[in-house]
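Visitor: Handing you this structure, nothing more for now.
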Amino acid sequence: MSDNDNKPNKPSYHGNRDRLRERLLARSGDSLADYEVLEFLLFSANSRSDTKPLAKALINHFGSLAKVLSASPEDLSKVKGVGQTAIGSIKIVAEAARRLAKEKIDDRPVLSSWQSVIEYCRIELAHADTEEFHLLFLDRRNRLIALEQQQRGTVDHTPVYIREVVKRALELSATALILVHNHPSGDPSPSQGDIVMTKEIVEATKALSIEIHDHLIIGISGHFSFKAEGLI
């Protein structure tokens, strides 16, 4: 009997993990399917079993990798086999992506890094299951002072209180705003209510010399810019 015969067999999924790691490092993440990215991510949560079935179950349940990463801990826990360690592994990646995107617009003129603003808003809002209304407060050099969620509503509506928008802008000494909200339906096209609300905010802030640079509506299928479409 050889020495090798006395060694315990290495679980087959360990070989798969090694191959995924080699592909990631040698050919970048583009070589990995969505479920493989999630499988790799779950290694740290479960080092003693095959994570491929759980990764595929999560993708099937939520529909995409992006939706898995943006799912709430409560919703993630409803998938069989997903414990607190796995939830933590998933949510820390989502948080890291959000911070990376935000860093690209901190301390820089927002209007000159517009694509980074869009990317941040998509990460923050595209997969939310209820409507949220956010504000970017800018200084005279169009640098970000603060980015805040003002309201959270239902699946198809969120209330916007113009007085609160103006009050907060004055508190922060903001000279310009960018309005952002999402459409959980995925279609970023504005409703008549969105158009009316935007005009009311523009009128209310104009008297205080606060400019509305844009109103962005974020959906899974893309985004809608009131500025680009001539509505501001």
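Visitor: Take the stretch 203-223 and flag every residue that is under 27 Å from the mean Cα position of the chain (by Cα) and either in contact (Cβ under 8 Å) with a residue 60 or more places away in the chain or buried (at least 19 other Cβ atoms within 10 Å of the Cβ) (or both).
Guide: Scanning the stretch 203-223 gives Ile212, His213, Asp214, His215, Leu216, Ile217, Ile218, Gly219, Ile220, His223.
Visitor: Would you confirm, using the coordinates I've provided, whether Ser185 is touching a strand residue (DSSP E or B) at 6+ places or on another chain (Cβ under 8 Å), more than 22 Å from Leu144 (Cβ to Cβ), without any contact (Cβ under 8 Å) to a residue 40 or more places away in the chain and assigned to a loop (DSSP other than H, G, I, E, B)? Full working, then the answer.
Guide: On the way: touching a strand residue (DSSP E or B) at 6+ places or on another chain (Cβ under 8 Å): yes; more than 22 Å from Leu144 (Cβ to Cβ): yes; without any contact (Cβ under 8 Å) to a residue 40 or more places away in the chain: yes; assigned to a loop (DSSP other than H, G, I, E, B): yes.
It is true that Ser185 is touching a strand residue (DSSP E or B) at 6+ places or on another chain (Cβ under 8 Å), more than 22 Å from Leu144 (Cβ to Cβ), without any contact (Cβ under 8 Å) to a residue 40 or more places away in the chain and assigned to a loop (DSSP other than H, G, I, E, B).
Visitor: Restricting to the stretch 144-194, count the residues that are under 20 Å from Leu208 (Cα atoms), touching an Asp or Glu at 6+ places or on another chain (Cβ under 6 Å) and among the small types (Gly, Ala, Ser).
Guide: Count: 1.
Visitor: Look at Thr198 and say whether it is assigned by TED's automatic domain parsing to the domain that holds Ala128, crowded, with 20+ Cβ neighbours inside 10 Å, among the hydroxyl-bearing types (Ser, Thr, Tyr) and not in a strand (DSSP E or B).
Guide: yes
Visitor: Say we look at the stretch 70-99 and pick out the residues that are in contact with a Phe, Trp or Tyr (Cβ under 9 Å, 6 or more places away or on another chain) and of a type in the set (A, V, I, L, M, F, W, C); which of these is farthest from Phe43 (Cα to Cα)?
Guide: Ala71
Visitor: Here is a further query. Which one of these is in the same structural domain as Asp214 (by TED's automatic domain parsing), among the aliphatic types (A, V, I, L, M) and surrounded by 14 or more Cβ atoms within 10 Å (Cβ to Cβ): Ala86, Ala128?
Guide: Criteria check complete, one pass: Ala128.
Visitor: Looking only at residues in the stretch 172-185 that are of a type in the set (Gly, Ala, Ser) and surrounded by 13 or more Cβ atoms within 10 Å (Cβ to Cβ), which one is nearest to Gln115 (Cα to Cα)?
Guide: Ala176
Visitor: Can you name the condition, by its number, that Glu95 falls short on among (1) assigned to a helix (DSSP H, G or I); (2) at pLDDT below 90; (3) surrounded by 14 or more Cβ atoms within 10 Å (Cβ to Cβ)?
Guide: Only one criterion is unmet by Glu95, namely (3).
The values are calculated or read from the model by the stated rules, or taken from the named source; none is laboratory data. In this text the structure is predicted, and so the values were computed from the model without any measurement. Note: ideal-geometry Cβ built from the backbone for every residue, glycine included; neighbour counts use all protein chains shown.
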